[in-house]
Amino acid sequence: MTQEHYFSAEPTGEERRRYVNVSAAGRQFRLVASSGVFSADRLDPGTAVLLRKAPIPKEKGVYLDLGCGYGPIATALAASSGGVVHAVDVNARALELARENAKAHGLADAVIASTPDEVPDGVVFDEIWSNPPIRVGKAVVHELMETWLPRLAEGGTAWLVVAKFLGADSLQGWLTERGWDVEKHASQKGYRVFAVRRA
């Protein structure tokens, strides 16, 4: 039997649901997670560091949660900003959960959960938030960065969290070589939070 990963497009394993409590932007969110999606048993430590250390926007705008999973970042961004959040993932089960969690918190119209191909070409983002799927390999992560970072609006920021032992400093160097201004915004529990802007 082939092992399934959270980055499988169509998880086929039995769906085992559970609740995950998320604290962000001064609020508590009770989110539904499930087997077959990223970090289904608890809020991923990297995501927790990102939500704790990066400044969650309080103004309406257009935001991207890249690799949204069941939606902890998207839910927090939409609730805090009152703006629109494109929650993007390749995992169909994750997208369904992200929609369900947004609806449960009165954010159904604010969170647009979709595959990468479903995001209209003309949309640009005031901020991009991501705990990128480092374990899929550098080539895929680099492709994600090259695809989505250019869609930052003028003056926009991408907030990324990467574990130090999974190549945070390497990714920082790679982005810098490609002309991005990468600031190490915070470090906690073995994770780096980067603010990425146009140089």
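The values are calculated or read from the model by the stated rules, or taken from the named source; none is laboratory data. Computed from a predicted structure; not experimentally measured. Please note: Cβ atoms are built from the backbone with ideal geometry, for glycine as well, and neighbour counts cover all protein chains shown. The area values use the complete protein model at the heavy-atom level, side chains included, leaving out ligands, DNA and RNA. Shrake-Rupley method; radii C 1.70, N 1.55, O 1.52, S 1.80 Å.
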In whole µm²/s, the translational diffusion coefficient that Stokes-Einstein assigns to the chain, given a Kirkwood hydrodynamic radius over C-alpha pairs, 4 °C and 1.567 mPa s, equals 78
Rounded to the nearest 20 debye, what is the charge dipole size of the chain about its Cα centre when +1 sits on each Lys and Arg Cβ and -1 on each Asp and Glu Cβ? 880
How high is the relative contact order of the chain? Use alpha-carbon pairs under 8 Å, at least six apart in sequence, and give a whole percent. 17
What lysines could a cross-link reach from K184, if we take a straight Cα to Cα line under 19 Å and drop same-chain neighbours fewer than 8 places away? K53, K164
Enumerate the aspartates and glutamates that K58 could reach by cross-link, defined here as Cα to Cα under 16 Å, with residues fewer than 8 away along the same chain left out. D126, E127
Restricting to the chain, what percent of DSSP beta bridges are antiparallel, rounded to 5? 55
Which percent of the accessible area of the stretch 107-199 is formed by carbon and sulfur heavy atoms (probe 1.4 angstrom)? 49
Shape metrics for the stretch 31-105, restricted to C-alpha atoms - Rg then Dmax, Å: 11.6, 34
Give me the 1.4 Å probe accessible area per residue for the stretch 100-160, excluding ligands and nucleic acids, in Å². 50
